[in-house]
Amino acid sequence: MLTRRPNILQDKTSKLMGRIVKMIAYLRTKHNVEVFWINQLSRSGTSIGANIAESKNAQSRADFVSKLNIALKEADGTKYWIDIIHQSGGLTDVECSSITRDVNEVIYLLTSIIKTTKANGL
């Protein structure tokens, strides 16, 4: 019987995606948050997981790194939109720091994997 190795990036990303989806539903009930900002957060936030999922079927190391770089850019964008929503009063300091901490963990993991993969040769 094969045992599945834990995939920390996938686990953390999956939890983050769940939090982002719940946060978007919560933000849609608030009247002081611009719909455009929520939509941008939705696009960038869900794109992180989609690109990580696509990286599993990469055709080469270069393709793998490319997908993870896109996920990294989307994670940075997600942090940006969370900050904009926070500054507008849509998220409390505690809510913002909590979700930002989760995004930062994913960014750290993505950065580490990209650097390691590049160091091992494309």
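For the pair SER66 and TYR26 in one chain, pulling the backbone fully straight at 0.36 nm per residue adds 11.2 nm over the alpha carbon distance.
Helix-only mean residue ellipticity at 222 nm, the chain, DSSP H runs n ≥ 4 weighted -39,500 (n - 2.57), per residue, nearest 500. What is it? Intermediate values should be presented prior to the final figure.
On the way: 4 runs with 96 residues, N = 122.
Taken over the chain, the calculation gives -28000 deg cm²/dmol.
Principal-axis analysis of the Cα atoms of the chain puts helix 61-87 at an angle of about 10° to the longest axis. Principal-axis analysis of the Cα atoms of the chain puts helix 93-119 at an angle of about 20° to the longest axis. May I ask for the distance between the Cα centers of region 88-121 and region 4-73, given as a whole number of Å? Cα centres, region 88-121 to region 4-73: 11 Å. Ligands, DNA and RNA left out, the 1.4 Å accessible surface of region 66-122 is 54% carbon and sulfur atoms.
Computed from the Cβ-Cβ distance with R0 of 25 Å, the FRET efficiency linking ASP83 to GLU54 stands at 0.40.
Calculate the FRET efficiency for SER97 and PHE36 from the Cβ-Cβ distance with a Förster distance of 30 Å, rounded to the nearest 0.05.
Numbers: r = 24 Å, r/R0 = 0.79.
Taking R0 as 30 Å, the efficiency between SER97 and PHE36 is 0.80.
To the nearest ten degrees, helix 8-28 and the longest principal axis of the Cα atoms of the chain are 20 degrees apart.
Under the convention that each Lys and Arg Cβ holds +1 and each Asp and Glu Cβ holds -1, the size of the dipole of region 37-122 around its Cα centre is about 420 debye.
The values are calculated or read from the model by the stated rules, or taken from the named source; none is laboratory data. These numbers come from a predicted model, not from an experiment. Here Cβ is always computed from backbone atoms with ideal geometry, including for glycine, and neighbour counts include all displayed protein chains. These accessible areas exclude ligands, DNA and RNA; they are computed on the full protein's heavy atoms, side chains included. Shrake-Rupley method; radii C 1.70, N 1.55, O 1.52, S 1.80 Å.
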